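Please read the structure below before turning to the comments.
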Amino acid sequence: MTGARVLTSIGFAVLLAGTTAALAAPPKHYTDRTLGYAIAYPADWTIDTQYVYDQLGPGREIKGVAIQIPQSLTAGTNLGGDTKLSVESLSGRGCTPARFVDPAENAHTLHADGRVYSVATSEDAGAGNRYETTVFVLDATSPCLAVRYFIHYSAIENYDPGTVRPFDRARLTSAFDRIRATLTFGK
C-alpha cells in the first residue's frame, strides 16, 4: 500500500503542479470498510459521506460519497460549485449504467486503471445551465459500484464578454480521471 500511496501522491503533485500550497499537502484518503474500497483525492477538495444521488426520481435514490471540487476551480469561470465526483453503490442484479443514469447514452466499455468499466453519459440543460454526467460502472462488483462525474456549468454566452472565462474542461476531466484511478479494493 505504501507504493500505491507514493504513486498517488506523485499523480496529485502533477495534477496540482500550478499550486504551491497544494503541492505541500498530501492527498486525503477515504475508506468505505462496508463496501471494501478506498479512494484518494486532492487535499483542497472536500468529501460528503452523506451524499445521495436523487435525480432518478422518488424511490430510486443512490447512496454514496461525493468528492466536491474546490472553489479555486470555479473562481472566475462558468463552472458550478456543485460539480463533483462520486462513488455510489446499488444492491441487486444487473450492474449496468442504466441503473445509475437515465437516459444512459453513448454506452461503451472502457479498459482503464487495471479494470473494466461499463460507461454511459447523459446530458441535460435548463435556464442557461448545462449538466453532464458520466458513469463508470465497475464490472463484477457486488454490490454494484459506479464512479460518477457530474459537471454543472452555465452557458458562457450568458455572460458579458470578458467577465467570466470558460472552465478548463481538460483539467477538470484529468483531475476526475486521476481520482478514479486511485480507487482500490480489499476489505
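The values are calculated or read from the model by the stated rules, or taken from the named source; none is laboratory data. Because the structure is predicted, anything quoted here is derived from the model rather than measured. Here Cβ is always computed from backbone atoms with ideal geometry, including for glycine, and neighbour counts include all displayed protein chains. Note: areas computed on protein heavy atoms with side chains; ligands, DNA, RNA excluded. Shrake-Rupley method; radii C 1.70, N 1.55, O 1.52, S 1.80 Å.
Can you go through G80, G92 and tell me which one is among the small types (G, A, S) and either open to solvent by 20 Å² or more (accessible area, probe 1.4 Å) or free of Cβ contacts under 8 Å to residues at least 12 places away in the same chain (or both)?
Answer to the selection: G92.
How many residues are open to solvent by less than 80 Å² (accessible area, probe 1.4 Å) and either of a type in the set (A, V, I, L, M, F, W, C) or not in a loop (DSSP other than H, G, I, E, B) (or both) if we restrict to region 172-187?
Result for region 172-187: 11.
For region 118-167, which residues satisfy the criterion of being under 22 Å from V101 (Cα atoms) and hydroxyl-bearing (S, T, Y)?
S118, T121, S122, Y131, T133, T134, T141, S142, Y149, Y153, S154
Pairs, please: C-beta under 8 Å, at least 6 apart or cross-chain, first residue under 19 Å from L85 (Cα atoms) and surrounded by 13 or more Cβ atoms within 10 Å (Cβ to Cβ) and in region 103-124, second modelled with pLDDT under 95 and of a type in the set (D, E, K, R)?
Filtered contacts from region 103-124: R115/D139; V116/D139; Y117/D139; S118/D139; S122/D102.
What tally of residues in region 159-171 results from selecting those that are touching a strand residue (DSSP E or B) at 6+ places or on another chain (Cβ under 7 Å) and surrounded by 14 or more Cβ atoms within 10 Å (Cβ to Cβ)?
The number of residues fulfilling the criteria is 2.
Assigned to a strand (DSSP E or B) and crowded, with 20+ Cβ neighbours inside 10 Å, is that true of V65?
Considered against the rule, which asks whether it is assigned to a strand (DSSP E or B) and crowded, with 20+ Cβ neighbours inside 10 Å, V65 comes out as yes.
Out of everything in region 36-62 that is touching a Pro at 6+ places or on another chain (Cβ under 7 Å) and not acidic (D, E), what residue ends up being surrounded by the fewest Cβ atoms within 10 Å (Cβ to Cβ)?
A43
Every residue in region 121-171 that is among the hydrophobic types (A, V, I, L, M, F, W, C), within 24 Å of V65 (Cβ to Cβ) and outside any strand (DSSP E or B), please.
Correct list: A140, F167.
Residues in region 131-144: is at least one within 27 Å of G186 (Cα to Cα), acidic (D, E), touching a Ser or Thr at 6+ places or on another chain (Cβ under 7 Å) and touching a residue at least 24 places away in the same chain (Cβ under 8 Å)?
Scanning region 131-144, I find at least one residue that is within 27 Å of G186 (Cα to Cα), acidic (D, E), touching a Ser or Thr at 6+ places or on another chain (Cβ under 7 Å) and touching a residue at least 24 places away in the same chain (Cβ under 8 Å), so the answer is yes.
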